[in-house]
Amino acid sequence: AQKVTQAQTEISVVEKEDVTLDCVYETRDTTYYLFWYKQPPSGELVFLIRRNSFDEQNEISGRYSWNFQKSTSSFNFTITASQVVDSAVYFCALTRLNTGFQKLVFGTGTRLLVSP
Amino acid sequence: NAGVTQTPKFQVLKTGQSMTLQCAQDMNHEYMSWYRQDPGMGLRLIHYSVGAGITDQGEVPNGYNVSRSTTEDFPLRLLSAAPSQTSVYFCASTEGPNTGELFFGEGSRLTVL
């Protein structure tokens, strides 16, 4: 069975602080995909990143960076110099290959509150 | 450029009533799915489809029915609504098994009294 654990229920930071959101996953598959989604207060799901298990390179996109470590089954997300607009719930998710990304297993989410 | 469209966005039902949540995509995507989101539980898969005429159950299928008669539409039916089905429902679609972006609809908030 697949499982995603986001142990941090809520994190509060002050603007410009760096913050890391943890994601630990469990799967018996050797190949899989990992995702991060952002859900702002408006409620929609915003895609942030998809990473397949073949590629362990870390990725940086502007203030966002992701650290994928197969050895520890973790896919952590760091926001550098956080801003108020980063306030949202962030979900990590996992799925097998060949499912059209349709059988996502989500973590319970981490609520990030960035105050001015 | 509509993407994934869900209707209605809000609905209030009484226990025992039936209703259908509509999901339509205009991208010719083969893969579609329904999730429900409950506080503190993330999103959980209800049903999914890999093409017209093909559906399968997800993690929490009880109380829900789906069909996929066309590529574009994937409606979710509640035959006899229960308060436990109060939730936010998301529909999603993807082009292929390992390609393309996973698109989510904006969500439908359902309250069952």
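Here are a few things to note about the model shown:
- Solvent accessible area, Å² - A:Asp22, 1.4 Å probe, full protein context: 60
- Across segment B:65-71, coupling constants 3J(HN,Hα) worked out from phi with the 6.51/-1.76/1.60 Karplus curve, θ = phi - 60°, read 10, 9, 8, 9, 7, 10, 5 Hz, and Gly and Pro carry x.
- Rg over Rh for segment A:46-116 works out to 0.98, both radii taken from alpha-carbon positions and Rh defined as the Kirkwood radius.
- Potential lengthening between B:Asn62 and B:Val88 on full extension [0.36 nm per residue; Cα-Cα distance subtracted]: 7.8 nm
- Backbone geometry of segment A:22-31 corresponds, through the Karplus equation with coefficients 6.51, -1.76 and 1.60 at θ = phi - 60°, to 3J(HN,Hα) couplings of 8, 9, 10, 10, 10, 7, 8, 6, 8, 10 Hz, x marking Gly and Pro.
- Of all beta bridges that DSSP places with both ends in chain B, some 90 percent have antiparallel geometry.
- Reciprocal mean inverse distance between Cα atoms of the protein assembly as shown - Kirkwood radius, Å: 18.2
- Peptide B:87-100 is shielded by partner chain Cβ atoms: per residue, an average of 3 of them sit within 10 Å of its Cβ.
- Accessible area of A:Val84 (1.4 Å probe, protein heavy atoms only, ligands and nucleic acids ignored): about 60 Å².
- For segment A:1-71 and segment B:25-47, distance of Cα centres in Å: 19
- The H on the amide N of B:Arg109, modeled in the peptide plane, is under 5 Å from the matching H of B:Phe10, B:Gln11, B:Tyr89, each at least 5 residues off or on a different chain.
The values are calculated or read from the model by the stated rules, or taken from the named source; none is laboratory data. Everything numeric in this text was worked out from a predicted model, so none of it was measured. Glycine also receives a Cβ, built like all others from the backbone with ideal geometry; neighbour counts cover every protein chain displayed. SASA here: full protein model, heavy atoms, side chains in, ligands and nucleic acids out. Shrake-Rupley method; radii C 1.70, N 1.55, O 1.52, S 1.80 Å.
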